[in-house]
1. Can you work out ³J(HN,Hα) from phi for every residue in the stretch 327-332, in order, using Karplus 6.51 cos²θ - 1.76 cosθ + 1.60 and θ = phi - 60°, giving whole Hz and x for Gly and Pro?
2. Fewest to most neighbouring Cβ within 10 Å: what's the order for Y404, Y389?
3. I'd like to compare 56-66, 171-181: which one has the highest average count of other Cβ atoms within 10 Å, and what's the full order after that?
4. Rounded to the nearest 0.05, what FRET efficiency do L315 and D370 give with R0 = 45 Å and r taken as the Cβ-Cβ distance? Could you check?
5. Taking a label point 7 Å from the Cα of D444 along the Cα→Cβ vector, which residues of the stretch 374-396 have an amide N closer than 14 Å to it?
6. Just to confirm the filter: which GluC sites (Glu not before Pro) across the stretch 299-389 are DSSP coil and have at most 13 other Cβ within 10 angstrom of their Cβ?
7. For E83 and R403, calculate 0.36 nm times their separation in residues minus their Cα-Cα distance, and state this gained length in nm to one decimal.
8. On full extension of the chain, what length is gained from A238 through R162, given 0.36 nm per residue of separation minus the C-alpha to C-alpha distance?
Amino acid sequence: MDTLFTAMENERKQQVAPLAVRMRPRTLEDVVGQQDAVGPGSWLRAAIEQDNVSSVILYGPAGTGKTSIAHVIAESTKATFVEVSAIGGTVSDLRREIDAAEKRLALNGSRTILFVDEIHRFNRSQQDALLHAVENRTVVLVGATTENPFFEVNSALISRSRVVGLKGLSDGDVAQLVDRAVADPRGLDGLYKLDPAARSAIVLLAGGDGRASLTTLELAAGMQQPGTRENPAVITKAQVESATPHRALPYDKNKDMHYDIISAFIKSMRGSDPDAALYWLARMIDGGEDPKYIARRMLIHASEDVGNADPQALLVAAAAFKSAEVIGYPECRINLAQAATYIALAPKSNACEAGIDAALAEVRNGPKRDVPDYLRDRHRPGSEHYGAYKYPHDYPAGWVDQRYLPEGLERGCFYHPSERGWESYRVDAAARDRAQAMHTAARDRAQAAHAAVGGNHGAGLPKGKPIDVEANDLRSGSKKPGARDASEGEETGGR
């Protein structure tokens, strides 16, 4: 009598269950889109078919079949199947199920498969409560999570389980699920049919989520009375869009999808693709990402990947951050888009990042190097003995040939400017300034030398004949301004 009552109760539950629940696969052949995980030759398929499943954690996006595979295990195994949801579940719930599993094992040797949905929502103490039971196989754990288990699940639990990754469903996979649900007696039983445009709309709105596609189908079907198998009611695209007006693409702040999309956004700007940058930006905006977070990432990127090739990029990113802070959504989406496209189109240079990282490596790993005496602070007693510091503004072009690096380091050891954008222009301009300053200094030295030989104030210099400064410099061993210095790897005319 209890068995009959239980069967009737389960049948009533099945009748009122959501379409996605009614259409859960019963066999591995019914599982769609997960050939790598449960297809022929896979570890999990072999374990299920041999009724020898060990603890496993199913990891993948929402609506890809994690719960469905767990129920296939339940249908295929001789073990007792127990389901616990991490949402609202407690340590007491777990211990109660583990105690019951111990009794079944002791009484008749019956194994227990414990399915924990959303296992990443269990805190550490709740996950720890499973360890002993999993280790001695009192229960076989089947956990399901949308988050990377290596970050969200206790490492001790991971080491005692097999992690099986599931992929997002393709459009073809989703269409197959929808077609099956329309025809299957557990689903719409052929009493409805889908207009081709409606079918395409459901697939598009699902975004690779099988459960979402069946929910949309059920909502659209509920907008009219069912037909007959001979004359089924037609579900239109308009009904589908009315049932689900907004496609909710997966985006979970502070989780894997969050980091994947911001990574794609940054890489798109680095790769100078404004369209891709706008797409990933839109995904974040649509997912409700904090606009200040997006702007902060652009601030970093503006210096990291654009740098002095276009210094304006940093100002644009800073302005976008201020706009996000002051204005917020929805208007600040325009400011974010302007900054993203500006940075994407800007010339690229990572010379600043590479330079500071090289300098930090030298500071942390190299020998201690003293500040040259003439660069030290002049406000302390005894500083008059430090040597003469040459004040650049006292010299032509505001520059003087003076060593600023400590001994053992040479100019050009850290900063290697690119040949792109403003960075290249400024390097060339600095080289011209330095060459001019060196030329002026050489001329002054030559005139002073002639004056010393011929008398004060230039006596003995031939009138009307210019001094060949470069010839004098070359004869005295000096380099011609702009000549390449192989030891420094730069033009001596470069600033």
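1. 9, x, 6, x, 5, 5
2. Details: Y404 10, Y389 15.
With the sparsest Cβ surroundings first, the list reads Y404, Y389.
3. 56-66, 171-181
4. 0.75
5. 390-396, by backbone N distance to the label point.
6. E331
7. Difference between extended and current length: 107.9 nm.
8. On the way: separation 76, 0.36 × 76 = 27.36 nm, distance 4.44 nm.
Residue separation times 0.36 nm, minus the Cα-Cα distance, leaves 22.9 nm.
Values quoted throughout were computed directly from the atomic coordinates according to the rules given, and no laboratory measurement underlies them. Just so it is clear, the structure is predicted and the values come from calculations on it, not from any experiment. Positions of Cβ are backbone-derived with ideal geometry, glycine not excepted, and every protein chain shown enters the neighbour counts.
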